[in-house]
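Everything on this sheet refers to the single structure shown next.
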Amino acid sequence: MKITSTSCICPVLVCLCFVQRCYGTAHHSSIKVTRNQTKHIEGETEVHHRPKRGWVWNQFFVLEEHMGPDPQYVGKLHSNSDKGDGSVKYILTGEGAGTIFIIDDTTGDIHSTKSLDREQKTHYVLHAQAIDRRTNKPLEPESEFIIKVQDINDNAPKFTDGPYIVTVPEMSDMGTSVLQVTATDADDPTYGNSARVVYSILQGQPYFSVDPKTGVIRTALHNMDREAREHYSVVIQAKDMAGQVGGLSGSTTVNITLTDVNDNPPRFPQKHYQLYVPESAQVGSAVGKIKANDADTGSNADMTYSIVNGDGVGVFSISTDKDTREGILSLKKPLNYEKKKSYTLNIEGANTHLDFRFSHLGPFKDATMLKIIVGDVDEPPLFSMPSYVMEVYENAKIGTIVGTVLAQDPDSANSLVRYFINYKAEDDRFFNIDANTGTIKTSKVLDREETPWYNITVAASENDNPDLLSHVTVGIRVLDVNDNPPELAREYDIIVCENSKPGQVIHTISATDKDDFANGPRFNFFLDEHLSINPNFTLKDNEDNTASILTRRRRFSRTIQDVYYLPIMISDGGIPSLSSSSTLTIRVCACERDGRVRTCHAEAFLSSAGLSTGALIAILLCVVILLAIVVLFITLRRSKKEPLIISEEDVRENVVTYDDEGGGEEDTEAFDITALRNPSAAEELKYRRDIRPEVKLTPRHQTLSTLESIDVQEFIKQRLAEADLDPSVPPYDSLQTYAYEGQRSEAGSISSLDSATTQSDQDYQYLGDWGPEFKKLAELYGEIDSERTT
């Protein structure tokens with residue numbers, strides 16, 4: 001089978017297409033396949049022959065974007081078995097068979113019925129087969145071939161990432177790379193020039209250029225200055241077909257910004273400045289600003305200011321405001337118009353971040369001269385010292401002189417000055433000041449132990465201008481005098497053991513003094529000489545501001561005396577010396593051999609009179625257990641079972657439970673056991689007790705005669721019939737149980753159950769005299785006698 005294709009690509013290939021149509025069979029590579037020649041003869045084995053090529057086919061091509069009215073011819077299938085008589089039928093299967101590609105089953109011609117797009121699908125895989133039209137048997141094995149979609153230039157180049165924003169430093173060398181742009185073309189890059197893109201610049205010359213092949217954008221001028229122009233808009237075009245006429249194109253915009261470099265030194269707008277500063281300006285305050293301009297931006301415009309020389313270097317200082325890039329001029333020392341009326345400063349501003357590539361454009365600093373004029377103002381009085389410290393003894397008399405402050409008018413007028421103390425409303429006024437001389441005196445008696453230091457503020461004003469004030473701080477230290485005697489450092493709890501030995505130290509005491517150190521320690525401890533010698537204890541001064549308590553004798557007894565008192569004296573080291581007396585309380589306690597206290601007299605008394613915590617807990621636990629037993633007993637008494645009392649109006653399922661023996665007559669209270677046990681002993685016909693009977697009762701003698709004349713079986717049947725035929729039966733089951741003991745014996749029944757129906761002349765009134773235990777029995781027999789009487 002031959003496959004022939006007649007597709008042409010472009011006018012340039014017309015000759016090639018013609019050669020393909022005429023000589024394609026001879027010059028194209030092909031594969032020849034023949035079907036297996038196998039013949040089956042009766043009685044012979046199957047013989048396999050080597051297959052030989054029976055039909056030839058080629059790879060097909062179809063042009064994309066075909067817009068003609070007729071289907072596009074793709075190629076032709078032909079089998080060597082086809083003799084032209086129409087006996088061979090060609091079949092096409094695979095991708096697009098029957099929908100996109102159709103075949104003439106007689107001639108083998110293949111046509112494309114739809115316009116194809118190579119960018120969506122580049123090729124189709126199909127299968128061809130030749131069969132016998134009459135037998136539908138294959139004449140050739142099925143073969144696979146490919147129909148490729150041939151590309152045409154139907155897609156323009158596109159910049160997928162545009163528009164672009166990029167920066168490049170100013171003053172860059174010519175040819176500095178800025179950005180590489182890339183355009184993509186969806187056409188086939190392996191066929192023709194449809195996808196061969198060439199770049200060109202449409203806008204942005206002569207500042208920038210673009211490489212036609214790589215798309216790299218570069219600077220085209222030397223030393224592009226950001227201060228002259230900062231932003232550029234460059235338009236780049238990409239055109240396919242290698243830039244030839246008829247090629248498709250696309251464009252994108254590249255926004256290029258020149259970034260700053262430090263290529264401009266700072267410059268002061270003027271070479272000479274003048275500043276007025278009043279002499280009343282406060283030290284440390286800002287008195288003026290100065291600024292140098294820098295055309296650069298960001299850190300390239302940062303600068304520092306300094307004073308390089310001038311007669312005001314020691315009086316003024318300058319700092320840099322990083323936000324505003326201004327020089328802040330501050331006052332270091334106070335100004336005095338009467339002493340100096342002007343100052344001259346040389347101020348320099350220099351960049352902090354230098355770029356040595358542009359050092360030839362420097363120097364990157366500038367200087368200017370500043371003249372400062374000091375203004376004369378009416379100043380407040382000036383104290384002779386910035387602060388004062390004075391001293392006065394405590395307990396000094398009111399009016400004692402503490403010290404004197406001095407202030408003068410610094411102006412040439414030299415006005416008189418007045419003084420006063422600034423007190424708050426809630427302050428205690430311990431001092432006053434002479435308004436003319438500035439002498440400070442005490443107005444109250446001072447106590448160092450209460451307030452050792454006073455801070456007051458003295459103000460001074462001119463007589464001619466009271467609104468101009470100056471202030472100074474005066475610290476007054478109160479000096480100590482020995483006016484407080486020493487005393488024990490704390491309350492001491494001193495214990496002496498019963499088994500103490502003579503000369504044994506039982507405690508160490510110390511003292512304290514409210515006065516200053518000079519009038520306090522060293523302390524002296526001693527016993528009062530006016531008292532007789534204590535036979536039990538003595539005092540030893542340790543000469544380190546402490547004293548030891550020692551025993552004088554052996555053994556002490558709590559039973560004889562449990563508390564001792566020891567008067568002592570303490571004196572301080574002041575001049576003159578002060579002393580005080582105190583009394584120490586010493587308790588006698590029982591101690592272990594190692595000196596540990598076991599018990600004291602007061603604790604022993606309390607222990608004998610009271611109870612320990614364990615004993616209290618044990619007693620409380622016993623009380624709780626007794627209470628629990630009582631509650632349990634009461635609960636059991638209340639829960640004792642009451643006699644079963646069943647309403648006479650309700651006889652449904654009367655199941656009586658007996659939990660004890662010998663219940664007596666009370667156990668039959670739920671029903672009339674007489675009628676159930678012995679029908680012949682019943683006095684009358686019994687009816688249901690849960691409803692009201694509507695029948696008339698028969699006379700007693702008629703009932704007895706009826707019961708005695710019937711058999712037990714008949715009696716039970718009668719009761720059953722009455723229950724079944726009763727129209728007023730309740731809507732629930734009623735269980736009635738009947739039992740029979742048998743006919744009475746000749747001796748008669750000895751049971752009390754039958755006593756109600758027997759005739760007896762016995763008087764049962766005496767049962768009421770037997771007590772409450774026989775009350776129920778008395779009532780029962782009393783009712784029987786009453787009925788018999790009736």
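Checking the table LYS333/LYS444; LYS333/LYS441; LYS339/LYS444; LYS717/LYS776; LYS271/LYS332; LYS444/LYS540 against a 32 Å threshold on Cα-Cα, which pairs fail?
Pairs exceeding the cut-off: LYS333/LYS444; LYS333/LYS441; LYS339/LYS444; LYS717/LYS776; LYS444/LYS540.
As a test of the definition: which semi-axes, in Å, follow for the range 138-289 when you take the square root of five times each eigenvalue of its alpha carbon gyration tensor? Largest first, please.
Equivalent ellipsoid semi-axes, largest first: 62, 17, 11 Å.
On a full-extension model of 0.36 nm per residue, what is the gain between THR559 and SER115, subtracting their alpha-carbon distance, rounded to one decimal in nm?
146.5 nm
If you project the alpha carbons of the range 449-600 onto their three principal axes, what span does each projection cover, largest first, in Å?
Computed over the range 449-600, the largest-to-smallest principal extents equal 89, 33, 23 Å.
Let's test the formula: R0 of 35 Å, r as the Cβ-Cβ distance of HIS272 and SER412. What FRET efficiency results, to the nearest 0.05?
Efficiency computed from Cβ-Cβ geometry: 0.65.
Just how much of ASP544 is accessible, in Å², when a 1.4 Å probe is used and the result is rounded to the nearest 10?
About 90 Å², ignoring ligands and nucleic acids.
Keeping the other protein chains in place, figure out the carbon and sulfur percent of the accessible area of the range 173-331, with a 1.4 Å probe.
The C+S portion of the solvent-accessible surface of the range 173-331 is 49 percent.
The values are calculated or read from the model by the stated rules, or taken from the named source; none is laboratory data. Note that this is a predicted model, so its numbers are computed, not measured. Positions of Cβ are generated from backbone atoms using ideal geometry, with glycine treated the same way; all protein chains shown enter the neighbour counts. SASA here: full protein model, heavy atoms, side chains in, ligands and nucleic acids out. Shrake-Rupley method; radii C 1.70, N 1.55, O 1.52, S 1.80 Å.
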